[in-house]
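Below is one structure, written out as structure tokens; comments come after it.
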Amino acid sequence: MLPTPRALLLDFGGVLVDAPSMAPRPVHLVDRLRALVGDALSAERITRSLIDGQREYAAWRDRVGEQDRPREYGHEQVWREFITPGWPAPARDAVLREATALSYAWTRRADWAVRPGIRTALDVAADAGVPLAIVSNTLCGAAHRDFLDAVGLGDRFAVQIYSDEAGVRKPNPEVAWLAARALGVPVADCWFVGDSPARDIPCARRAGAGAAVLMVSARTGRERGQPDGVPDVTVDDGHGLRRLIETAFATG
């Protein structure tokens, strides 16, 4: 039996939203970078840099995810370290000046979609007086905010904590503590809902959250879990989360 929540801390991708990875050949970014660097680099060189850089950035995220208190890279640092090594200095500098706008374009997806049952689960939480926060690792939180506003969900969340703005990334418990403090609710009275047994559930455990809820997504089974990555309960989607909330308040 889970404790009755006084707040919910929710991940973005895999919980609120189905968020597929960026296409291996991101034409929109290639075109944007070509416009910035002119003839300094060919489209083929830019494409290769993006493909290799995405892979290296993903590997870095996996490595730091094994740390107890991982920090987050800023926008310029991501583009400097993973995309533009070896580029001519003028081309690299042109990209770094636009690092935040490029990070937004890298992050935002046309195929994001609200997960089944999430709207109803958020309604049930609101009806029960449970405040909501987002706690998400991302290259650009602004892209997440804009999507949620566009689908009419932005105002559901009292707090949105994104790693690029906070400077720390899950499983660092500081992101959960930041969200709980902003809500004015002890983290021990919060449910933490995420789809990652390598990042979300360990973050919940290390932060001292009242419950760690795993929502299954496309990436859940691909991840290597950590010793503290075992959830209190697993749900398939927002419908399952809604039932958990209803049960907690019916029996609490």
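The values are calculated or read from the model by the stated rules, or taken from the named source; none is laboratory data. These numbers were taken from a predicted model, which means no experiment stands behind them. Note: ideal-geometry Cβ built from the backbone for every residue, glycine included; neighbour counts use all protein chains shown. Calculation scope for accessible area: heavy atoms of the full protein, side chains included, ligands and nucleic acids excluded. Shrake-Rupley method; radii C 1.70, N 1.55, O 1.52, S 1.80 Å.
Send over a whole-number figure in Å² for the accessible area per residue of the chain, probe 1.4 Å. List each step's numbers first, then the result.
On the way: 10890 Å² over 252 residues.
Heavy-atom accessible area per residue stands at 43 Å².
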What one gets for the chain as the Kirkwood radius, inverse of mean 1/r over different Cα pairs in Å, is 18.8
Order the following by accessible area, largest value first: HIS239, HIS144, HIS75. Probe radius 1.4 Å; ligands, DNA and RNA are ignored.
-> HIS239, HIS75, HIS144
For region 119-190, count all C-alpha to C-alpha pairs, find those more than 22 Å apart, and express that count as a whole percent of the total.
-> 22
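Suppose every K and R has +1 on its Cβ and every D and E has -1 on its Cβ; what is the size of the dipole of the chain about the Cα centre, in Debye to the nearest 20?
Computed charge dipole of the chain: roughly 320 debye.
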Inter-label distance for GLU76 and ALA150, nm, one decimal - labels placed 7 Å from Cα along Cα-to-Cβ = 2.8
In square angstrom, rounded to the nearest 10, how much accessible surface does GLU98 have for a 1.4 Å probe?
-> 80
Multiply the residue gap between TRP60 and THR120 by 0.36 nm, knock off their C-alpha separation, and tell me the result in nm, one decimal place.
-> 18.0 nm
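How long is the gain from ALA40 to ALA158 if the chain were fully straight, where each residue apart is worth 0.36 nm and the alpha carbon distance is subtracted?
38.0 nm
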Given region 1-108, what whole percent of its Cα pairs are spread farther than 24 Å?
-> 33
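Counting only protein heavy atoms and a 1.4 Å probe, tell me what percentage of the chain's accessible area is made up of carbon and sulfur. Please report the intermediate quantities before stating the final value.
On the way: 5470 of 10890 Å².
With neighbouring chains kept in place, the figure for the chain is 50 percent.
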q = 0.22, 0.26, 0.27 Å⁻¹: log10 I(q)/I(0) that the Debye formula gives for region 146-222, counting C-alpha atoms only | -1.09, -1.25, -1.26
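Taking the square root of 5 times each eigenvalue of the Cα gyration tensor, what semi-axes in Å does the equivalent ellipsoid of region 114-252 have, largest first?
Working: eigenvalues 78, 70, 51 Å².
Three semi-axes, in Å: 20, 19, 16.
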